[in-house]
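The values are calculated or read from the model by the stated rules, or taken from the named source; none is laboratory data. All values derive from a computational prediction rather than experimental measurement. Cβ atoms come from the backbone with ideal geometry, glycine included; neighbour counts cover every protein chain shown. Just so you know, the surface numbers come from the protein's heavy atoms only, side chains and all, with ligands and any DNA or RNA stripped out. Shrake-Rupley method; radii C 1.70, N 1.55, O 1.52, S 1.80 Å.
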Amino acid sequence: MIEAMRNAFRLPDLRRRLLFTLGILVIYRLVAHIPVPGVDQRVLKQVFENNPLIGMLDLFSGGALANFSVMAMGVYPYITASIIMQLLVPIIPKLEALAKEGEQGQQKINLYTNLLTVPLAALQAWGQSTLLARAGVLPHFGFSGANLLPTVTTITALTAGTIFAMWLGELITEEGVGNGISIIIFGGIVARVPTRLGQMIQAGNYTGVIVFLILTVVTVAAIVFVQEGQRRIPVQYARRVRGRKVYGGQATYVPLRVNAAGMIPIIFAQSLLLFPGTLASYLAQVNNPLIANIALSIQRTLDPKGWFYWFLYFWLVVGFTYFYTDVIFRQQNLAETLQRQGGFIPGIRPGKRTEEYLNKVMSRITFVGAFFLALVAVLPFFVRGITETNVMLITSAGLLIVVGVVLDTMKQIEAQLLMRHYEGFIR
C-alpha cells in the first residue's frame with residue numbers, strides 16, 4: 001500500500017487530484033468553525049448532549065452543528081433531496097423517462113435535485129433554528145419586531161452554507177478523487193475521532209476503551225466484507241452475424257450487491273424514531289394534562305436508553321433495507337436492458353421470467369444485507385453494555401460512510417494506477 005501511494009504521488013495528474021481534494025477538505029473544515037452570530041455556546045452544548053436528533057444531524061454536517069456554524073446543516077438537505085428524487089422517479093412518468101435517457105437525463109435529474117435542495121435547506125434552517133431557539137441557544141430568533149432581521153440572516157446564512165458545501169463537493173467530484181459529497185461527510189466524521197477518543201480516555205474505563213477499539217476493528221472488517229459481497233448472475237450474449245463479422249457471443253455476469261441500500265435505511269429508521277420523541281418533548285410542556293401525559297409516555301417508550309427503542313430500530317432498518325433496495329433495483333430495469341442488448345441468463349427466458357428471477361435472487365441476498373445493517377445499527381446498544389460508556393469513536397452510520405468512502409476512493413485511485421501500468425492497492 002505504501003508503494004502504491006508513492007506511485008500515486010509520482011503521477012502529476014493524480015497528485016494534483018489528491019492535493020486538490022485535501023485542499024477542499026481543509027477549506028470546508030475552516031468554514032465549519034465560523035459560528036452563526038448570536039449563539040449561546042454554553043446552552044448549545046447542553047442541548048447537544050441531551051438531544052439525539054441533533055446528534056444525528058451533526059453527523060451529516062461533519063461536526064459543524066456542534067458550534068452551530070454556517071455549515072451546521074452540511075449536505076443533509078441535499079441528501080434528503082436526493083432520496084426524494086430517487087423515490088419520485090418510478091412514480092412520475094416524466095422523471096422515469098429522463099432516467100432512461102442516459103447521462104443527459106441524469107444531468108437534468110441532478111439539476112432538479114439541486115433546485116429542490118434550496119427550499120429544503122431553507123425549511124430545515126427554519127426548523128433547526130426554531131428548535132434551538134426554544135432551547136435558548138438563539139435568544140434573538142423570531143419573525144416579529146427587532147428579531148426579524150437576525151432571523152432572516154440566520155436562515156440565509158445556513159442555507160448559503162449548504163449550497164457552499166454542495167459546491168465544494170461538486171468541485172471534488174470534478175477535479176478531485178471520489179464522490180465529493182461523501183468525502184465531505186467523511187472528513188467531518190474523521191475530524192471528530194481524536195476528540196471522542198480523548199473523552200473515552202478521560203472516562204477512566206481503559207478496559208472498556210480497548211474492548212471498544214477491538215469491536216470497531218472487527219465491525220469495520222465485517223462492513224468491508226459485506227459491502228464488497230455480491231452475487232454474480234451469469235449472462236450470455238447472443239451471436240449476431242453482419243456480413244463477414246460476428247458480434248456478441250461473449251459470456252459475462254451481472255453483479256448484485258448484498259448491501260445495495262448503503263446507509264440510507266439507517267437514516268430512515270433514525271428519522272422515524274427520533275421525530276416522535278422530539279415532538280413529544282415539546283408537547284410534554286403544554287398545560288393540557290392528557291396531551292402532556294401522552295407525550296411523556298411516548299418519551300419513555302422511545303427513550304434511546306431503553307431496550308424497546310433498539311428493538312424497534314432493528315426491525316425498522318430491516319424493513320427499510322428491503323423497501324429502498326426494491327425501489328433502486330426496479331429503477332435499474334436490468335431485465336429490459338439485457339433483452340434490449342441481446343443478453344440472457346442461461347436457463348431463464350428473457351423478459352418477464354428474467355425479471356422475476358432477478359427479483360427473487362435480489363430478495364434472498366438482501367436478507368443478509370438487511371440483518372447485517374440492522375446489527376450494525378444496534379451496535380451502540382451492545383457497546384454501551386460492554387464498555388459501560390455512551391461515547392463512541394464513530395457512530396454506526398458513520399462507520400458505514402467511512403468504510404464506503406475509503407473503498408470507493410481506493411478503487412478510483414486503483415483504476416488510475418492500473419491505467420498507467422502501476423500496481424494498485426488491491427492485489
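Could you report the accessible area of residue 112 in Å², rounded to 10, computed with a 1.4 Å probe on the protein chains as they sit in the structure? For residue 112, solvent-accessible area is about 80 Å². For residue 381, the solvent-accessible surface computed with a 1.4 Å probe is close to 60 Å², ligands and nucleic acids excluded. Note on residue 357: accessible area approximately 60 square angstrom, rounded to 10, probe 1.4 Å, nucleic acids and ligands left out.
A full extension of the chain between residue 294 and residue 19 corresponds to an added length of 93.5 nm, given 0.36 nm per residue minus the alpha carbon distance.
3J(HN,Hα) along the range 112-118, derived from phi through the Karplus expression 6.51 cos²θ - 1.76 cosθ + 1.60 where θ = phi - 60°, amounts to 4, 5, 5, 5, 5, 5, 4 Hz, with x in place of Gly and Pro. The residues packed around residue 167, meaning those with a beta-carbon under 13 Å from its beta-carbon, carry a net charge of -3 if Lys and Arg are +1 and Asp and Glu are -1.
What is the local net charge at residue 109, summed over the other residues whose Cβ is closer than 13 Å to its Cβ (Lys, Arg +1; Asp, Glu -1)? Net local charge, residue 109 excluded: 0.
Taking amide hydrogens as placed 1.01 Å from N in the peptide plane, the amide H of residue 253 sits under 5 Å from those of 235, each at least 5 positions away in sequence or on another chain.
Loop-located trypsin sites (Lys or Arg not before Pro) in the range 86-190 (DSSP state other than H, G, I, E, B) with a sparse environment of at most 16 neighbouring Cβ atoms within 10 Å: 100.
Relative to the present Cα-Cα distance, how much length would full extension add between residue 134 and residue 367 at 0.36 nm per residue of separation?
79.6 nm
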